[in-house]
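So the structure is just underneath, and the comments pick up after that.
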Amino acid sequence: MPRIPFVDGFTGRPLPHGFDCPQGSGAVACYPLFDGVTAILLRLEVPGFWEIREKRDALEINFCANGRFECAFSPRDHVTLTPGDMSLSIFDGAHGAWAESRFPLGYYEGVSFDVDCPAASRWMAANVPALATDFSALKENILGARWCAAESAGPRCEHVFREFYENLPYFSRDYLRLKALELFMLLRNIPRFGREPDYCSPKQLELVRHLRDHLLSDRTGRVSLPVLAREHGLSVSHLQKLFRQTYGAPIYHYVKEYRLEQAAVELAKTRRRVTEIALDAGYDSASKFTEAFKKRYGLTPSAFRAGAIPESDWNNSTELE
């Protein structure tokens, strides 16, 4: 089976780890910062993959820079990340023994931290006792009684995450160590993620995912929530609650953002006309699409595409608008 290998980011040497992927490609660079803490830079173009997790006292921290990330650990336990979101998960043998990662847009870029809590605690106690992190307190602060959660990183944490994402290949190990210690201190003190989630059964999760796929595949805008809710024996308010519980956003906001992100991928990777991409995104005019896209990305579709496609490729391209 095709495999996306891991490499040591500091030396470029291959590592005995990787993701088994039947299709797609990508790059995963690991940066061991100190005993027990490894920063991982991910740039993937795959639909998803499965992982088996070893039993250990470990904490995984993920930050989504670009794309979308959906990870299921069981029929009930899952996280969903959009750009600017982070997640924390505990892998102690009882939880997270396996994980199914999916990338609905076909690509994902982000940074992760693998933390072996006992080893990291020992290293910090021996080398930087004044900055040592109590990982039990960190997990309690962020997760409470839960073992996995996801939410917006917030401006302070996102700033540190993006420093890692943008500069891991360039900064020295000593500087990166200091940034990791800063991140752990922030996570130790920020408010706990949201409220405890309401119970959502595996059957309800499956239903919500089915309805999401239905809404995303509808390009006519004729599918209505009352009709969908009635067809599945739900009230509209209950459907909206289940959706927000599962995907962390109101239904129409999620669909709009998802389609704009799909459009960004199309603009960056194809030479399809902007008007065609706008129609696929559910907009009946290029001007409405341009307005929504600029609000989301800070650039017009044409400017976004110009920055994504190398100038040398424009000579042989067809008219794009």
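The values are calculated or read from the model by the stated rules, or taken from the named source; none is laboratory data. Treat the numbers as computed from the prediction; the structure is a model and nothing was measured. So basically every Cβ, Gly included, is an ideal-geometry build from the backbone, and we count neighbours across all protein chains shown.
If a residue has to be surrounded by 13 or more Cβ atoms within 10 Å (Cβ to Cβ) and either of a type outside the set (A, V, I, L, M) or free of Cβ contacts under 8 Å to residues at least 12 places away in the same chain (or both) to count, how many in segment 121-155 make the cut?
Residues in segment 121-155 being surrounded by 13 or more Cβ atoms within 10 Å (Cβ to Cβ) and either of a type outside the set (A, V, I, L, M) or free of Cβ contacts under 8 Å to residues at least 12 places away in the same chain (or both): 17 in total.
What strands (runs of 3 or more DSSP E) lie completely within segment 1-118 and have 3 or more residues being β-branched (Val, Ile, Thr) and over 11 Å from the mean Cα position of the chain (by Cα)?
Of the strands (runs of 3 or more DSSP E) lying wholly inside segment 1-118, those with at least 3 residues that are β-branched (Val, Ile, Thr) and over 11 Å from the mean Cα position of the chain (by Cα) span 37-45.
Suppose the filter is in contact with a helix residue (DSSP H, G or I) (Cβ under 9 Å, 6 or more places away or on another chain), modelled with pLDDT under 85 and not hydroxyl-bearing (Ser, Thr, Tyr); does residue 188 pass it?
Taking the combined requirement at face value, the residue does not satisfy it.
Any residue at all in segment 224-247 that is part of a helix (DSSP H, G or I) and over 30 Å from residue 77 (Cβ atoms)?
Yes, segment 224-247 contains at least one residue that is part of a helix (DSSP H, G or I) and over 30 Å from residue 77 (Cβ atoms).
Is it true that some residue in segment 157-174 is surrounded by fewer than 16 Cβ atoms within 10 Å (Cβ to Cβ), under 19 Å from the mean Cα position of the chain (by Cα) and at pLDDT below 85?
Looking through segment 157-174, none of the residues is surrounded by fewer than 16 Cβ atoms within 10 Å (Cβ to Cβ), under 19 Å from the mean Cα position of the chain (by Cα) and at pLDDT below 85.
Out of everything in segment 154-178 that is of a type in the set (A, V, I, L, M) and assigned to a helix (DSSP H, G or I), what residue ends up being farthest from residue 64 (Cα to Cα)?
It comes out as 178.
Report, by residue number, each residue of segment 273-294 that is at pLDDT 90 or above and not aliphatic (A, V, I, L, M).
Matches in segment 273-294: 273, 275, 276, 287, 288, 289, 290, 291, 293, 294.
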